[in-house]
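The values are calculated or read from the model by the stated rules, or taken from the named source; none is laboratory data. Fair warning: this is a prediction, and the values are worked out from it, not measured in the lab. Note that we place each Cβ from the backbone using ideal geometry, even for glycine, and neighbour counts take in every protein chain shown. Ligands, DNA and RNA are stripped out before the accessible areas are found, and what is left, the full protein with its side chains, is counted by its heavy atoms. Shrake-Rupley method; radii C 1.70, N 1.55, O 1.52, S 1.80 Å.
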Amino acid sequence: MRKSTSIAIGGFDGMHIGHQALFRELDDNGTIVVIETGYANLTPDGFRQRYTKHRIVYLKLDDIRHLDGEGFVAFLQKKFPKLKKIVVGYDFHFGKDRKYSYEDLKQLFKGDVVVVDEVKHNNDSVHSHKIRAKLQIGDIKGANDFLGHNYMITGIRVDGQGLGSRELVPTINLRVKGFLLPKEGVYATFTRIDDEEHFHPSVSFIGHRITTDGSFAVETHILDGVVTCKEKAEISFVDFIRNNEKFDSLNNLKEAIKKDITIANRMLKRLEL
């Protein structure tokens, strides 16, 4: 941090294409300053690091929200003594009651203040709350377009019903915490197992098992062979296949899963991670 000459400040949940526009303004000694509000669920904890080469520093909002404009700038200069450039978005506000904007920052900071304009995709402004809304309606492609990468979740392997391997198809069951889960349904996905470097083509289900015991599940079926998951898995979402449905029998559910697999294979055929 003491070597940082430029910083980008924001919440940066999702590390989406709007955020990346700020990061491109950083120099080689640039640092991303994440203001943690406690509501990040697109890239919670340290998952933001995978989407940037820059160092990330996390600050808790509660530790700085009481500062006035001068106090906030003094705080940054103490933390980053070689600071010459601050990069913010057009809607950036800071200080007590979010009273100050980038205009105040330009007056209070003696170095360079770069304000990045609104970033749009297909004439629609890119914001994290819009990505969340897209995920909640199953618009995976729309969310991924805004993100600039596939939406991903990570979970710990847990025991499932055992029904899949006996009656349907084998799945890896996950307990996912901290991430926003997309709409209940079936998705074409890629899945990375444990610490493997590559992703496997897969079809994944999120939702209540309304045909069987009604329990909630996040599970993924690997399409390119049998893979043993020991501890964890990561699911990368490519496209939505269908809504969660109740079937009259396990046989009907099995037939639906076969169709899901066919559709997923077609969707993933030309894609690689």
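Summary table below
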read-out	value
Segments 169-181, 246-258 sorted - mean Cβ within 10 Å per residue, highest first	169-181, 246-258
Degrees, to the nearest 10: 69-79 long Cα axis against longest axis of the chain	80
Gained length - LYS258 relative to THR228, 0.36 nm times residue gap less alpha-carbon distance	8.7 nm
Cleavage-rule hits, trypsin sites (Lys or Arg not before Pro), the stretch 34-107, DSSP coil, Cβ neighbours within 10 Å at most 11	LYS53, LYS99
nm² value of the averaged projected area, convex hull over the Cα atoms of the stretch 1-103	6.1
Added length on full extension, which subtracts the Cα-Cα distance from 0.36 nm per residue, VAL176 to ARG50	43.5 nm
Theoretical gain in end-to-end length, LYS110 to SER215 [0.36 nm per residue, Cα-Cα removed]	32.1 nm
Total formal charge among the other residues, if their Cβ is under 14 angstrom from that of ALA21, Lys/Arg +1 and Asp/Glu -1	-2
ASP159-HIS121 FRET efficiency (beta carbon distance; Förster radius 51 Å; 0.05 resolution)	0.80
Label point distance in nm, ASP91-ASP248, each placed 7 Å from Cα along Cα→Cβ	4.9
Spread of Cα-to-Cα distances over 10 Å intervals beginning at zero, given as percent, for the stretch 108-235	11, 37, 28, 13, 7, 3, 1
Range of Cα positions in the stretch 76-170 per principal axis (Å), largest first	68, 35, 25
Convex hull projection area averaged over all views, the chain, Cα basis, nm²	15.9
Å² of accessible area per residue within the chain, as computed with a 1.4 Å probe and no ligands counted	53
The chain: calculated mean residue ellipticity at 222 nm from DSSP helix runs of at least 4, using -39500 (n - 2.57)	-7000 deg cm²/dmol
Lysine pairs meeting the criterion (Cα under 19 Å, 8 or more apart or interchain), as found in the stretch 139-251	4
Residues GLU184 and ASP62, FRET efficiency given R0 of 35 Å [Cβ-Cβ distance, rounded to 0.05]	0.55
Surface share of carbon and sulfur [accessible, 1.4 angstrom probe, percent] for the stretch 71-172	45
D_trans [Stokes-Einstein, Kirkwood Rh over alpha-carbon pairs] for the stretch 197-273, 10 °C, 1.306 mPa s, µm² s⁻¹	116
